[in-house]
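Report on the structure given below.
The values are calculated or read from the model by the stated rules, or taken from the named source; none is laboratory data. As the structure is a prediction and not an experimental result, all values here were calculated from the model. Backbone-built Cβ (ideal geometry, glycine too); neighbour counts: all protein chains shown.
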There are 2 protein chains.
Amino acid sequence: MKNKLGKQTLVFRNKPVITGECAVVGTREGSGPMKEYFDVILDDDTYGEKTWEKAESMMLKNAILTAIRKAGLEKSNIDVMLTGDLLNQLMSSSFTARDVSIPFIGLYGACSTMTQSMLMASVFVDGGFAEHAVCGASSHYCTAERQFRMPLEHGNQRPPSAQWTATASGAAVISRQPCTANNILIPAPKEIFVTYATIGKIIDTGMKDANQMGAAMAPAAVDTILNHFEDTGMTPADYDVILTGDLGYIGKEIALDLFADAGIDSAKLGVRYDDCGTMLYYREKEDVHGGGSGCGCSASIYTGYLFRKMRAGEFKRALIVSTGAMLSTISPFQGESIPGIAHAVTLETS
Amino acid sequence: MKNKLGKQTLVFRNKPVITGECAVVGTREGSGPMKEYFDVILDDDTYGEKTWEKAESMMLKNAILTAIRKAGLEKSNIDVMLTGDLLNQLMSSSFTARDVSIPFIGLYGACSTMTQSMLMASVFVDGGFAEHAVCGASSHYCTAERQFRMPLEHGNQRPPSAQWTATASGAAVISRQPCTANNILIPAPKEIFVTYATIGKIIDTGMKDANQMGAAMAPAAVDTILNHFEDTGMTPADYDVILTGDLGYIGKEIALDLFADAGIDSAKLGVRYDDCGTMLYYREKEDVHGGGSGCGCSASIYTGYLFRKMRAGEFKRALIVSTGAMLSTISPFQGESIPGIAHAVTLETS
């Protein structure tokens with residue numbers, strides 16, 4: 001097949017290009033190590049709305065509209081919106097899609113949503129089905145906590161391995177051609193092209209502890225990355241940066257062990273590998289236990305930090321690998337283990 | 001753009017073809033007017049599993065594996081699986097994807113999932129990103145009822161406008177070329193090609209009654225169909241059959257009114273238009289109130305009834321339009337109205 005390589009990897013031969021992006025984050029995320037890279041930092045996590053769910057929708061909507069504006073486009077120029085979030089029935093995405101009135105495809109990939117949506121948008125653009133597609137993902141600590149764990153008002157204790165769902169949203173416009181008049185405020189910004197994507201399989205190693213998401217997802221991240229290398233013939237040395245997300249502190253250590261088992265030791269990975277879940281918060285200063293998570297975590301680090309670094313010429317080729325734990329709120333009660341998934345996307349600058 | 005027509009419609013120029021399909025339905029669905037068209041009818045709705053959720057996963061898995069077998073393929077031949085269901089965190093799809101180990105993209109479109117997954121699979125195949133893609137959707141009365149309404153054990157009364165979630169699952173394999181040796185047991189079956197798809201926008205008319213899903217979704221169905229006609233230049237007369245799903249009895253009447261308002265009166269629609277939610281059960285004999293719903297309803301009617309009729313040469317061109325209500329279980333409590341969506345897919349035989 002002309003646009004497939006090996007077993008799981010897609011090749012984008014028409015070089016879909018990221019023409020606009022935006023990261024909107026909460027107060028805590030906006031005071032962490034990544035604070036200088038975000039477009040919008042909320043003053044408070046309700047964003048002026050009456051509920052956290054409405055606030056999350058507003059964050060995603062703002063990220064999408066800002067990404068479109070940065071691309072120098074109007075929302076009427078966008079052919080399709082491909083987004084997802086952690087909320088049941090994609091509450092944030094659905095209500096955002098209603099407000100922006102763009103043809104809408106809803107995606108669910110738990111915390112893997114950002115690379116899932118980027119690969120789908122690239123398929124649409126590369127295949128000539130869209131001139132401009134907008135993709136994105138969002139999460140909110142308060143909406144996720146009360147849906148997946150406990151009402152915040154309980155004030156219940158979380159085990160040290162539990163991760164902190166990021167209040168964050170990221171969106172990107174992927175286009176068939178670079179825009180001639182974008183609003184990206186960087187001197188002579190590089191163009192970022194999407195060149196490959198590797199679709200993940202569900203990997204489930206039998207882990208049943210819903211407070212050990214990093215451990216449940218690390219095998220999926222490593223499986224997708226190894227398949228990506230096998231399909232493309234590339235090695236870690238071909239990338240300037242490899243970011244998984246969101247394995248957190250424990251999951252990242254497990255991923256490093258699994259890479260070593262597969263013959264990719266830390267010398268080969270070098271400093272180029274990191275995990276978004278370990279980058280969003282100050283580990284010592286903040287009580288986020290296992291690190292960051294939620295599909296907004298990797299979404300905001302890619303669209304905020306990574307894209308800016310790439311546009312400035314600091315990284316030329318990046319592999320981004322969002323990871324999701326596809327457990328449901330009732331599957332653990334039915335004795336099920338946690339299915340993990342990860343999708344990889346290759347970005348290259350001009 | 002080469003593969004887009006008008007504002008919302010995709011054109012599949014390489015003629016992706018449906019090489020295998022399967023419909024698995026519950027006991028009640030298997031004793032209705034469509035009973036002769038289904039591949040598998042369950043003896044009881046637990047399908048030998050300990051929970052209804054596991055039964056629903058097993059139904060989707062059986063539909064997918066049977067569709068692959070009918071295409072004369074093995075699951076290792078399938079490049080990507082694009083499926084969804086109504087359960088939180090796509091429980092049925094995620095656990096099915098784990099068991100079949102095919103690269104997986106999770107979709108959420110509420111009851112619009114079947115046409116959403118067919119259009120995405122066609123984009124992959126037509127764009128040269130997959131040789132074979134499997135798509136599908138599932139729902140189960142007992143899993144949906146306890147997630148969206150009340151535990152069944154309550155035995156609570158449902159208003160007459162409430163629809164009955166189908167216990168049903170449908171899957172189809174969409175391929176780049178017709179398979180030379182398929183297992184479709186019809187004499188000289190016609191090939192079914194996917195030729196167009198129209199991606200829906202969210203349409204929300206302010207309806208807030210979660211027991212009036214048909215009324216909430218009918219405007220989205222009509223909007224997508226009118227856009228499809230405008231984008232393609234076709235009219236109802238170009239189709240042998242037009243099926244929406246799942247508007248049910250009330251929603252179908254509303255859709256007919258809206259069509260008439262748009263200048264497409266019942267004389268123009270003729271007998272070619274029907275709604276899957278009105279086709280699955282005997283209205284008089286069975287107490288299904290507003291008619292059938294759930295993403296398995298249209299999925300099983302397309303893959304069971306419609307595809308068989310098309311393969312037998314009875315219909316040459318069909319427009320299928322699954323409809324979804326993207327409300328969440330908590331959005332009505334936050335004062336939100338119900339966002340509707342519908343995606344249309346055109347099927348043509350050789």
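Residue under question is B:Ala168, and the condition is that it be small (Gly, Ala, Ser), surrounded by fewer than 24 Cβ atoms within 10 Å (Cβ to Cβ) and more than 11 Å from chain A (Cβ to nearest Cβ); does it hold?
Against the criterion (small (Gly, Ala, Ser), surrounded by fewer than 24 Cβ atoms within 10 Å (Cβ to Cβ) and more than 11 Å from chain A (Cβ to nearest Cβ)), B:Ala168 does not qualify.
Sort out which residues of region B:68-96 are among the hydrophobic types (A, V, I, L, M, F, W, C) and farther than 16 Å from B:Cys295 by Cβ, and write them in order of number.
B:Ile68, B:Ala71, B:Leu73, B:Ile78, B:Val80, B:Phe95
Quick one: A:Met118 ticks every box in (1) more than 15 Å from A:Ala133 (Cβ to Cβ); (2) under 16 Å from the mean Cα position of the chain (by Cα); (3) not small (Gly, Ala, Ser) except a single one, so which number is it?
Result: A:Met118 passes all but (1).
Go through region B:278-304 and count every residue that is at pLDDT below 95 and among the β-branched types (Val, Ile, Thr).
1
Among (1) out of contact with any Gly (no Cβ under 9 Å at 6 or more places or on another chain); (2) modelled with pLDDT under 95, which single condition is B:Asn211 missing?
(1)
Look at A:Ala63 and say whether it is within 18 Å of A:Ala121 (Cα to Cα), modelled with pLDDT of 95 or more and either out of contact with any Lys or Arg (no Cβ under 9 Å at 6 or more places or on another chain) or in the same structural domain as A:Phe307 (by TED's automatic domain parsing) (or both).
yes
Looking at region A:10-29, which of the residues that are of a type outside the set (Val, Ile, Thr) and more than 17 Å from the chain's Cα centre (by Cα) is farthest from A:Thr198 (Cα to Cα)? Before the answer, list the steps.
Start the filter on region A:10-29 by keeping residues that are of a type outside the set (Val, Ile, Thr), which leaves A:10, A:12-16, A:20-23, A:26, A:28-29.
Pick out the ones that are also more than 17 Å from the chain's Cα centre (by Cα) and you get A:10, A:12-16, A:28.
On the way: A:Leu10: 6, A:Phe12: 11, A:Arg13: 15, A:Asn14: 17, A:Lys15: 16, A:Pro16: 16, A:Arg28: 32 Å.
Among those that are of a type outside the set (Val, Ile, Thr) and more than 17 Å from the chain's Cα centre (by Cα), it is A:Arg28.
Run down A:Ser57, A:Ser94, A:Ser112 and say which single residue is within 14 Å of chain B (Cβ to nearest Cβ), among the small types (Gly, Ala, Ser), in contact (Cβ under 8 Å) with a residue 24 or more places away in the chain and more than 30 Å from A:Glu348 (Cβ to Cβ). Don't jump to the end; show me each part of the working.
On the way: A:Ser94 fails: in contact (Cβ under 8 Å) with a residue 24 or more places away in the chain; A:Ser112 fails: more than 30 Å from A:Glu348 (Cβ to Cβ).
Result of the check over A:Ser57, A:Ser94, A:Ser112: A:Ser57.
Tell me, which residue of region A:64-91 that is more than 8 Å from chain B (Cβ to nearest Cβ) and under 28 Å from A:Thr329 (Cα atoms) is surrounded by the most Cβ atoms within 10 Å (Cβ to Cβ)?
A:Asp85
Are there any pairs with C-beta distances below 8 angstrom linking a residue in region B:188-204 that is at the interface with chain A (Cβ under 8 Å from one of its Cβ atoms) and closer than 15 Å to B:Met217 by Cα to a residue that is part of a loop (DSSP other than H, G, I, E, B) and aliphatic (A, V, I, L, M), with the two at least 6 apart or on different chains, and if so which?
As it stands, the answer is B:Lys201/A:Ile102; B:Ile202/B:Met326; B:Asp204/B:Ile338, since those pairs meet every condition given.
Need the failing condition index for A:Ile18 against (1) touching a residue at least 60 places away in the same chain (Cβ under 8 Å); (2) within 14 Å of chain B (Cβ to nearest Cβ); (3) buried (at least 22 other Cβ atoms within 10 Å of the Cβ), just the number.
Single failed check for A:Ile18: (2).
Here are some conditions: (1) touching an Asp or Glu at 6+ places or on another chain (Cβ under 8 Å); (2) within 14 Å of another protein chain (Cβ to nearest Cβ); (3) more than 24 Å from A:Met120 (Cα to Cα). A:Ala215 meets all but one. Which one does it not meet?
(2)
Just the residues that are over 21 Å from A:Lys208 (Cβ atoms) and among the aliphatic types (A, V, I, L, M), please, taken from region A:149-169.
The answer is A:Leu152, A:Ala166, A:Ala168.
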